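The block underneath contains the structure these notes are about, expressed in structure tokens.
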Amino acid sequence: MPKLSRVNDFVVKFANVNGSGSASANTLFAKSILRMGVPVSPRNIFPSNIQGLPTWYEVRVSEQGWLGRRGGVDLMVAMNAQTWDADVAEVESGGFLFYDSTRAVPTSKLRGDVTALGMPLTALCNERYKDARQRQVFKNIIYVGALTELLGIERDTVAKLIGEQYKGKEKLLQPNLDSLDLGREWARANLPRPFELKVERRDAVKDRIFVDGNSAAALGAVYGGASVCAWYPITPSSSLAEAFQRYCNKHRTNADGTKRFAIIQAEDELASIGMVIGAAWNGARAFTATSGPGISLMQEFLGLAFFAEIPSVIFDVQRGGPSTGMPTRTQQSDVISCAYASHGDTKHVLLFPEDPKECFDMGAAAFDLADRLQTPVFVLLDLDIGMNDRLCAPFAWDDAQRMDRGKVLGAKELDEGRAFGRYRDVDGDGIAVRTLPGTHASRGSFFTRGTTKDRDAKYSEAGPDYIENMTRLQRKFETAARLVPQPVVQRSKEPTTIGVLYYGSTSPAMNEAIELLAAEGLHLDAMRVRAFPFHHAVPDFVASHETVFLVEQNRDAQLKLLLTHECQIDPARVISVLHYDGTPITARFIVKAIRERCGAAVRAGAGAGKGSGHGKVSR
Amino acid sequence: MTWIARPKFHHASLAKNEAGCTRRDYEGAISTLCAGCGHDSISAAIVQAFYELSIPPHRVAKLSGIGCSSKTPTYFLGASHGFNSVHGRMPSVLTGANMANRDLIYLGVSGDGDSASIGFGQFAHSIRRGVDMIYIVENNGVYGLTKGQRSATADEGSMLKKGDVNTDKPIDMVSMAIKLGASFVARSFSGDKEQLVPLLKAAIEHRGAAFLDVISPCVAFNNHAGSTKSYDWVREHNEAVNQLDVMEDHEEIVLQQAPGTVEEISTPDGTTLRLRKLAQDFDPTDKAGALDFLERHGAKGELVTGLLFVDRAPKDMHQHLGTVSTPLNVLGEAELCPGSKTLAAINASLR
Ligand SMILES: Cc1ncc(C[n+]2csc(CCOP(=O)(O)OP(=O)(O)O)c2C)c(N)n1
Ligand code: SF4
Ligand SMILES: [Mg+2]
């Protein structure tokens, strides 16, 4: 049986039971590879549960820097008896299985084409530690010790990371180092050396940082000047609000303990968005963080914010549909429900960050956009970028940058006699001037309502007043298309008639797929859509390519729906590549889908490709 | 509804108050509610209270939900910013507004449908949080704007216009508010200005969650035999427990009070409440006593009006949150953005 043999290019998957303390040990493993200068991209696959259910942590090691999920597993660390069979089955032929051999595993439970690496983990651990809780915690560090030794990850690198982790808690440091060494020594003495999968020191990480998108977006909100946050806990968005709290406690607290921010964990999502709207109406930068079910609950208020023109920011960390279970998996399935959120004729600004760096950038920019456009702005993350640590460019900030508070008249302007009509389009861009409560004793006050008003905010049920307002809002949306982040185009090296559109967390898998397809002679121009409303470059891209794919992570081709509808494009012009089983999309999946479709088109000149894998290809 | 334009509120003079404003400055657009609607009387009382306290109108933000009652902020304090939000959600919008700027006075106007049904959760949680506000429920026991459906405050056994009898238990908003931790709770009657105006003034000066349940008859849908909230019924059953006056000076707190005398309560924020205790056994600082009193008199079919409960050392949401004294909405880059140096350190911690 030929064994896989790879340097700095493989996938390790940990199968654990949640609540067992494996999460921090697994992160330590991934980070130690990063510290070896080799890029990694880890992903959590976890249940809607706190203790006792299966959980996985998949680490892709890629010197080339591919950060998308690869698919397949080269080394399985099988620590969960419940999922043993499925875990063993997932290993690539020629791969490896690391397991706890304290109790003998019958050969029928192993695979002939997979090398089994048994370590009597429980026995070793029980021998060393008497306390049950210590046994549980250190067992994880022992296997990290064995694995890092096996893969050639330097001991000092791991030890340094442990030192950083337990800084200020020195009592915990030595026992952790001891169990690390216990694992390493055992592996050195008992596991086959040299091992076929290797981590070798490189300088491929450079100055990149390793962070999750939720923290990055929260930090963006801090830098963007958000001072009010209202939220209701929901996976996978809770850690965004919690990170905002953490960063604010650290960077926005005065010496006397008073806070330059206010955060409320509300009673539900309706109250969350209501508070955001109230705060933004009153001139503070405010946001909420939620996921699909929260967006559903906020619908009525989002309409009010749209019609009343309240600058509000909503971070939606997308997940699967209702209830629990799938919801702790990733999807891009709130595109339509956000774009057209609410009743009446509403349309909203959406931003699609591709990684934590863009979560930070867009997390800050969303507040400028919301203030400038006086409308809700959605930042659409998903679980894949929101809750997994991802390698990305370092955050950057220009201290000369100023908040764009948009068109707000202050007391001075009102005193100077500046005319004020809340819904008058004075500049022709559809954006009217607003005032904040409490500004001036006699000028600039107005009554905020949903729809029933004239251009001076007086109560009016007259049809022409309604139409005037609605056409202005349409004009404002056209202005938005010019202000939102522009799409990013990646031209193929060879001339091509094939184009591919994608957005958000699909980015790393797409980048890799483009290169893999190019190696096969299939060249693609690629456009990463970064916002809705669409810049004219997006329909232009479709028009200028004979074959156009749109890759997304939902069943109903939601961005295609939006694009073909809003830009009046014949839906037959855009071929969907759809991945929606809850796992992050892979380059392998995209390559297969495009290859099948293009192969067929190129070879036979027609005919749709067959569905494949977890998703489907359809027109 | 009638669409007859009625004159603005009557007033003796155009005398200026200490804020340099006349009473007219506290009025709003002409009401489009039904002639005789209790809600209009409440608007008039609001005008009078703010005028008498000399509060500059633009320092007030008035927010409401949806309903006839929620339409009324258009009819008073025309120089204030107003927000007619969505049904039952005024409390969250007001809470957010207050988070953004703690320096304004927040007046929330709601109805019994708005607060006791669709918005019951938001009512409860805004009270729990101690949002510094005056929260008024204009309680007519009916859905006025949608034409006469039963509300959750309608008494058991009351009849709707169409003749069906209410069998559900009523929600008593004042008892709820007391239980939920409101630091000022009162009930009054829209037609009784003598009582309502001082209560409003005290609520305005109170620095915490002040809740006012104002019985406000709907002349279109709830003023008929069988309804327990019509004019005559209220007049008969009201039992005024006390009366209060608001004083601007900072006098000492008088805690003990003999029946029939005057009680003054000074709160730490400088408000002095002057209470005339009419009921023998009533003490507005005794929470359990108030609940008990409400329960006992409620059982007799009586509506207790007056100042039911006041916490003399109220805490508001900003104290709980520990926010700076400067309103958050005026903080700039220097206070909000940690800058590039800090970001470089954050980057370094993420490698
Ligand atoms: C979400 C939603 N559901 C229903 C309505 C319809 N609606 C408007 S006002 C109202 C009831 C108002 O009753 P109340 O708050 O007691 O006010 P009143 O008119 O009696 O003063 C209802 C149900 C609405 N505006 N929004
Ligand atoms: S319907 Fe009732 S509550 Fe509404 S305006 Fe008329 S009297 Fe007032
Ligand atoms: Mg009502």
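Convert 20 °C to kelvin, take the viscosity as 1.002 mPa s, use the Kirkwood radius over C-alpha pairs of segment A:1-107 as Rh, and evaluate the Stokes-Einstein diffusion coefficient in µm²/s, rounded to a whole number.
This corresponds to a translational diffusion coefficient of 148 µm²/s.
What pairs from A:K458/B:K201; A:K407/A:K560; A:K250/A:K407; B:K62/B:K169; A:K13/A:K130; A:K250/B:K341 go past 23 Å between their alpha carbons?
Details: A:K458/B:K201 29 Å; A:K407/A:K560 34 Å; A:K250/A:K407 32 Å; B:K62/B:K169 31 Å; A:K13/A:K130 29 Å; A:K250/B:K341 14 Å.
Over 23 Å Cα-Cα: A:K458/B:K201; A:K407/A:K560; A:K250/A:K407; B:K62/B:K169; A:K13/A:K130.
If amide hydrogens are placed 1.01 Å from N in the peptide plane, which non-local residues have theirs closer than 5 Å to the one on A:R285?
Amide H neighbours of A:R285: A:S227, A:V228.
With contacts defined as alpha carbon pairs under 8 Å and 6 or more residues apart, what's the relative contact order of segment A:408-483 in percent?
Reported relative contact order: 30 percent.
As I understand it, the value is the acute angle between the Cα axis of helix A:269-281 and the longest principal axis of the Cα atoms of chain A; what does it come to in degrees, rounded to 10?
On a 0 to 90 degree scale, this one is about 50.
How large is ³J(HN,Hα), in whole Hz, for each residue of segment A:570-585 in order, when computed from phi with the Karplus curve 6.51 cos²θ - 1.76 cosθ + 1.60 and θ = phi - 60°, using x for Gly and Pro?
Rounded to whole hertz, the list is 4, x, 5, 6, 10, 9, 7, 10, 10, 10, 8, 8, x, 8, x, 4.
With a 1.4 Å probe and all protein chains left in place, how much accessible area per residue does segment A:210-392 have, in Å²?
It amounts to 21 Å² per residue over segment A:210-392.
Once you order the gyration tensor axes a ≥ b ≥ c over the Cα atoms, which shape class does segment A:408-483 get: rounded for a/c under 1.5, otherwise prolate or oblate by comparing a/b with b/c?
Numbers: a/c = 2.38, a/b = 1.33, b/c = 1.79.
Because a/c hits 1.5 or more and a/b fails to exceed b/c, segment A:408-483 counts as oblate.
Of the options B:M133, A:A543, A:M298, report the single residue whose Cα projects farthest towards the positive end of the charge dipole of the protein assembly as shown (beta-carbon charges: Lys, Arg +1; Asp, Glu -1).
With unit charges placed on the Cβ atoms, the residue in question is A:A543.
Report, to two decimal places, the Cα Rg of segment A:6-58 normalised by 2.2 N^0.38 Å (N = number of residues).
1.21
Name the residues of segment A:282-308, by number, that are at least 50 Å² less accessible with every protein chain in place than in the isolated chain; the surface is that of heavy atoms, probe 1.4 Å, without ligands or nucleic acids.
Residues passing the criterion (a loss of at least 50 Å², heavy atoms only) are A:N282, A:E300, A:F301, A:L304.
Rounded, prolate or oblate for segment A:395-522? Axes are the square roots of the Cα gyration tensor eigenvalues, ordered a ≥ b ≥ c, and the cut-off for rounded is a/c under 1.5. Show your work: numbers first, answer last.
Working: a/c = 3.98, a/b = 2.25, b/c = 1.77.
Prolate shape, in that a/c is at least 1.5 and a/b is the bigger ratio.
Can you work out the Karplus-derived ³J(HN,Hα) for every residue in segment B:182-193? Use 6.51 cos²θ - 1.76 cosθ + 1.60 with θ = phi - 60°, whole Hz, and x for glycine or proline.
Values per residue, Gly and Pro as x: 4, 8, 8, 9, 9, 10, 8, 10, 4, x, 9, 5 Hz.
Run the helix sum for chain A: -39,500 (n - 2.57) per DSSP H stretch of 4+ residues, divided by residue count, reported at 222 nm to the nearest 500 deg cm²/dmol.
After summing the helix terms and dividing by the residues of chain A, the value is -12000 deg cm²/dmol.
Over 25 Å, how big is the tail of the calculated P(r) for segment A:210-392, in percent of all Cα pairs?
Values: 3909 of 16653 pairs.
For segment A:210-392, the fraction of Cα-Cα distances above 25 Å is 23 percent.
Let me know the charge dipole size of segment A:52-202 about its Cα centre in debye, to the nearest 20, where only the beta-carbon of Lys, Arg (+1) and Asp, Glu (-1) is charged.
Here segment A:52-202 has a charge dipole of around 400 debye.
What residues qualify as long-range amide H neighbours of B:F309, i.e. H under 5 Å apart, gap of 5 or more or another chain, H built at 1.01 Å from N?
B:V185
By how many nm would the segment from A:A518 to A:D427 lengthen if fully extended, with 0.36 nm per residue of separation less the alpha-carbon distance?
Using 0.36 nm per residue and subtracting the Cα-Cα distance, I get 28.0 nm.
Excluding residues on the same chain fewer than 8 positions from B:K16, give the aspartates and glutamates whose Cα lies under 16 Å from its Cα.
Reachable aspartates and glutamates: B:D25, B:E27, B:E52.
For the interface of A with B, what's the total buried accessible surface in square angstrom, probe 1.4 angstrom, rounded to the nearest hundred?
The A and B chains share an interface burying roughly 5000 Å².
Extent of segment A:68-225 along each principal axis, from alpha carbon coordinates, in Å, largest to smallest?
Answer, in whole Å and largest first: 60, 39, 32 Å.
Accessible area, 1.4 Å probe, largest first: how do A:W231, A:W186 sort? Don't skip to the end; give the middle numbers.
Values: A:W231 20, A:W186 40 Å².
Of A:W231, A:W186, the descending order of accessible area is A:W186, A:W231.
Considering only protein heavy atoms and a probe of 1.4 Å, how much of the accessible area of segment A:408-483 is carbon and sulfur, as a whole percent?
On the way: 1840 of 3700 Å².
About 50 percent, which is the carbon plus sulfur part of the accessible surface.
Over the Cα atoms of the protein assembly as shown, what is the Rg over Rh ratio if Rh follows Kirkwood? Can you show the working numbers first?
On the way: Rg = 32.5 Å, Rh = 31.2 Å.
Looking at the protein assembly as shown, the ratio lands at 1.04.
What span do the alpha-carbon atoms of segment A:409-450 cover on each of the three principal axes, reported in whole Å from largest to smallest?
Projected onto its principal axes, the Cα set of segment A:409-450 covers 28, 24, 11 Å.
Identify, among B:F184, A:T107, A:G344, the residue whose Cα sits farthest towards the positive end of the charge dipole of the protein assembly as shown, taking +1 on the Cβ of Lys and Arg and -1 on the Cβ of Asp and Glu, with the dipole about the Cα centre.
Result: A:T107, furthest along the dipole toward the positive end.
Could you state the orientation-averaged shadow area of the convex hull built on the Cα atoms of segment A:488-607, in nm² to one decimal? Working shown, then result.
Values: hull surface 27.7 nm².
So the mean shadow area of the Cα hull is 6.9 nm².
How big, on average over all directions, is the shadow cast by the Cα convex hull of segment A:255-349, in nm²?
The orientation-averaged projected area of the Cα hull of segment A:255-349 comes to 7.5 nm².
Indicate the residues belonging to segment A:214-251 that lose 50 Å² or more of solvent-accessible heavy-atom surface (probe 1.4 Å) upon moving from the chain alone to the assembly of all protein chains, ignoring ligands and nucleic acids.
Listed by number, the residues meeting the 50 Å² cut-off are A:Y223, A:H251.
The values are calculated or read from the model by the stated rules, or taken from the named source; none is laboratory data. Computed from a prediction, not measured in an experiment: that's the story for all the values here. Ideal geometry is used to build each Cβ from the backbone, glycine not excepted, and the neighbour counts take in all protein chains shown. The accessibility values were calculated without ligands, DNA or RNA, using every heavy atom of the protein model including side chains. Shrake-Rupley method; radii C 1.70, N 1.55, O 1.52, S 1.80 Å.
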